[in-house]
Amino acid sequence: VQLQASGGGSVQAGGSLRLSCAASRGGIGGYVMAWYRQASGEQRELVASITGGGSTNYADSVKGRFTISRDNAKNTVSLQMNSLKPEDTAVYYCKIHKGVGNDYWGKGTLVTVSS
(Lines give C-alpha, C1' and ligand atoms only; values in the text may rest on other atoms or scores of the structure.)
Protein backbone atom coordinates (compact mmCIF):
# COMPACT_ATOMS: atom_id res chain seq x y z
CA VAL A 1 0.00 0.00 0.00
CA GLN A 2 1.13 3.55 -0.74
CA LEU A 3 -0.11 6.59 1.12
CA GLN A 4 -0.16 10.13 -0.22
CA ALA A 5 -0.88 13.01 2.12
CA SER A 6 -2.02 16.40 0.94
CA GLY A 7 -3.64 19.58 2.19
CA GLY A 8 -0.82 21.15 4.14
CA GLY A 9 -0.02 24.83 3.87
CA SER A 10 0.39 28.06 5.74
CA VAL A 11 -2.36 29.57 7.84
CA GLN A 12 -2.69 32.15 10.57
CA ALA A 13 -3.47 31.18 14.13
CA GLY A 14 -7.16 30.46 14.54
CA GLY A 15 -7.49 29.23 11.00
CA SER A 16 -8.34 25.81 9.62
CA LEU A 17 -6.83 23.24 7.31
CA ARG A 18 -8.00 19.86 6.13
CA LEU A 19 -5.45 17.15 5.47
CA SER A 20 -6.22 14.15 3.33
CA CYS A 21 -4.41 10.86 2.89
CA ALA A 22 -5.18 8.64 -0.07
CA ALA A 23 -4.18 4.99 -0.22
CA SER A 24 -3.28 3.21 -3.40
CA ARG A 25 -2.08 -0.30 -4.24
CA GLY A 26 -4.29 -1.62 -1.47
CA GLY A 27 -7.25 -0.46 0.51
CA ILE A 28 -7.46 0.83 4.04
CA GLY A 29 -10.17 -1.70 4.79
CA GLY A 30 -10.61 -2.28 8.51
CA TYR A 31 -7.12 -1.19 9.44
CA VAL A 32 -6.27 1.46 11.98
CA MET A 33 -5.33 4.74 10.31
CA ALA A 34 -3.49 7.51 12.08
CA TRP A 35 -2.02 10.96 11.70
CA TYR A 36 1.29 11.80 13.30
CA ARG A 37 3.27 15.00 13.30
CA GLN A 38 6.86 15.97 13.77
CA ALA A 39 7.93 19.47 14.62
CA SER A 40 11.46 20.61 13.88
CA GLY A 41 13.83 19.14 16.44
CA GLU A 42 11.10 17.08 18.06
CA GLN A 43 10.10 13.44 18.01
CA ARG A 44 7.22 12.28 15.89
CA GLU A 45 4.01 12.16 17.92
CA LEU A 46 0.57 10.68 17.46
CA VAL A 47 -2.08 13.27 16.68
CA ALA A 48 -5.15 11.12 16.06
CA SER A 49 -6.14 7.61 15.10
CA ILE A 50 -9.26 5.88 13.88
CA THR A 51 -10.10 2.19 13.87
CA GLY A 52 -11.84 0.33 11.09
CA GLY A 53 -15.06 0.64 13.07
CA GLY A 54 -14.68 4.39 13.45
CA SER A 55 -13.48 4.66 17.03
CA THR A 56 -11.20 7.64 17.42
CA ASN A 57 -8.39 8.68 19.70
CA TYR A 58 -6.75 12.09 19.98
CA ALA A 59 -3.73 13.63 21.59
CA ASP A 60 -4.74 15.87 24.46
CA SER A 61 -3.23 18.86 22.70
CA VAL A 62 -5.67 18.61 19.78
CA LYS A 63 -8.86 17.35 21.44
CA GLY A 64 -11.81 19.51 20.56
CA ARG A 65 -9.96 21.13 17.65
CA PHE A 66 -9.05 18.28 15.30
CA THR A 67 -11.33 15.62 13.83
CA ILE A 68 -10.16 12.46 12.11
CA SER A 69 -12.43 10.65 9.68
CA ARG A 70 -12.20 7.92 7.09
CA ASP A 71 -13.94 6.85 3.92
CA ASN A 72 -13.22 3.18 3.30
CA ALA A 73 -14.90 3.21 -0.09
CA LYS A 74 -12.57 5.95 -1.28
CA ASN A 75 -9.58 4.65 0.69
CA THR A 76 -9.00 8.00 2.31
CA VAL A 77 -8.49 9.32 5.80
CA SER A 78 -8.79 12.99 6.64
CA LEU A 79 -7.84 15.30 9.45
CA GLN A 80 -9.89 18.46 9.90
CA MET A 81 -7.87 20.95 11.91
CA ASN A 82 -9.61 23.96 13.40
CA SER A 83 -8.47 26.71 15.74
CA LEU A 84 -4.91 26.12 14.71
CA LYS A 85 -2.11 27.30 16.95
CA PRO A 86 1.53 28.07 16.18
CA GLU A 87 2.48 24.97 18.18
CA ASP A 88 0.61 22.86 15.61
CA THR A 89 3.33 23.71 13.10
CA ALA A 90 4.88 20.45 11.96
CA VAL A 91 5.17 17.95 9.17
CA TYR A 92 2.10 15.74 9.29
CA TYR A 93 2.25 12.07 8.28
CA CYS A 94 -0.45 9.49 7.77
CA LYS A 95 0.05 5.86 8.67
CA ILE A 96 -1.79 2.59 8.15
CA HIS A 97 -1.33 -0.06 10.81
CA LYS A 98 -1.74 -3.55 9.36
CA GLY A 99 -0.39 -5.43 12.32
CA VAL A 100 2.61 -5.73 14.59
CA GLY A 101 5.61 -4.43 12.75
CA ASN A 102 3.55 -3.84 9.64
CA ASP A 103 3.06 -0.11 9.33
CA TYR A 104 3.17 1.97 6.18
CA TRP A 105 3.83 5.68 6.19
CA GLY A 106 3.04 8.35 3.66
CA LYS A 107 5.32 11.24 2.87
CA GLY A 108 4.61 14.19 5.08
CA THR A 109 2.79 17.39 4.38
CA LEU A 110 3.93 20.60 6.04
CA VAL A 111 1.58 22.68 8.15
CA THR A 112 2.78 26.11 9.20
CA VAL A 113 0.74 28.22 11.61
CA SER A 114 1.79 31.81 12.12
CA SER A 115 0.85 33.96 15.07
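Could you please state how large a percent of the accessible area of the chain is carbon and sulfur, counting protein chains only and using a 1.4 Å probe?
On the way: 2680 of 5950 Å².
Within the chain, the accessible surface is 45 percent carbon and sulfur.
Each label point was placed 7 Å from the Cα along the Cα-to-Cβ direction; for residue 87 and residue 25 their separation is 3.8 nm.
The rule of thumb for compact globular proteins, 2.2 N^0.38 Å, goes into the C-alpha radius of gyration of segment 13-78 1.17 times. Computed over the chain, relative contact order equals 36 percent, with contacts defined as Cα pairs under 8 Å that lie 6+ residues apart.
Each of residue 13 and residue 104 was given a label point 7 Å from its Cα along the Cα-to-Cβ line. The distance between the two points is 3.9 nm. Under a Gaussian network description of the chain, with springs only between Cα atoms under 10 Å, the residue in 90, 34, 13 that fluctuates furthest is 13. Shape analysis of the chain based on the Cα gyration tensor places the equivalent ellipsoid semi-axes at 23, 14, 13 Å, largest first.
So for 85, 74, what's the accessible-area order with a 1.4 Å probe, most first? Spell out each step's value before the answer.
Details: 85 80, 74 145 Å².
I get 74, 85, largest accessible area first.
Annotation note: GluC sites (Glu not before Pro) in segment 1-110 located in DSSP loop regions with a Cβ neighbour count of at most 14 within 10 Å are 42. About its Cα centre, the chain has a charge dipole of approximately 280 debye under the convention of +1 per Lys or Arg Cβ and -1 per Asp or Glu Cβ, with nothing else charged. Comparing 49, 20, 61 in a Gaussian network model of the chain where C-alpha atoms under 10 Å apart are linked, the largest mean-square fluctuation is found at 61.
A 1.4 Å probe run over the protein chains yields, for the chain, 52 Å² of accessible area per residue, whole-number rounding.
The values are calculated or read from the model by the stated rules, or taken from the named source; none is laboratory data. Since we're looking at a predicted model, the values are computed, not measured. Positions of Cβ are generated from backbone atoms using ideal geometry, with glycine treated the same way; all protein chains shown enter the neighbour counts. Areas reflect the complete protein model, heavy atoms only, side chains present, ligands, DNA and RNA absent. Shrake-Rupley method; radii C 1.70, N 1.55, O 1.52, S 1.80 Å.
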